[in-house]
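First up is the structure itself, then whatever we jot down about it.
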Amino acid sequence: MGVIPLAVSAGDRVEMKKPHPCGSAVFTVLRIGMDFKLKCDKCGHEVTLPRKKAEKNIRKILE
Ligand SMILES: [Zn+2]
C-alpha cells in the first residue's frame, strides 16, 4: 500500500538510495520479475532483490 509503481524496465540504469559497498549507487536493471536483478555499474557485481525492496530502494531512473 502506498507504493508508487515504477516504470522500470530491463536495461534501465537506476540510482539506488542505498549504495553498493563499492561506493556506486548506480545500477543497471538486468531482469524484472518477482525479483529485480541489478548489476552494479562500478564493480559489475550482480545482486538480486525482492521486487518490493528494490522498488523502495530506487531513488530515480536515469536516462
Ligand atoms: Zn559495486
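Counting Lys and Arg as +1 and Asp and Glu as -1, each charge on the Cβ, what is the dipole of the chain about the Cα centre in debye, to the nearest 20? Walk me through the numbers before you get to the answer.
Values: 13 positive and 7 negative charges, 45 e Å.
Roughly 220 debye, rounded to the nearest 20.
A simple spin-label model places the labels of residue 17 and residue 46 2.7 nm from each other, with each point 7 Å out along Cα-to-Cβ. Taking 20 Å as the straight-line reach from the Cα of residue 42, the aspartates and glutamates in range (excluding those fewer than 8 positions away in the same chain) are 12, 15, 63. Taking a ≥ b ≥ c as the square roots of the eigenvalues of the Cα gyration tensor, an a/c ratio below 1.5 marks region 4-63 as rounded.
Each value in this text was obtained by applying a stated rule to the coordinates, not by laboratory testing. If you're wondering where the values come from, they're calculated on a predicted model, not measured in any experiment. When we count neighbours, we look across all protein chains shown, and the Cβ atoms used for this are built from the backbone with ideal geometry, even at glycine.
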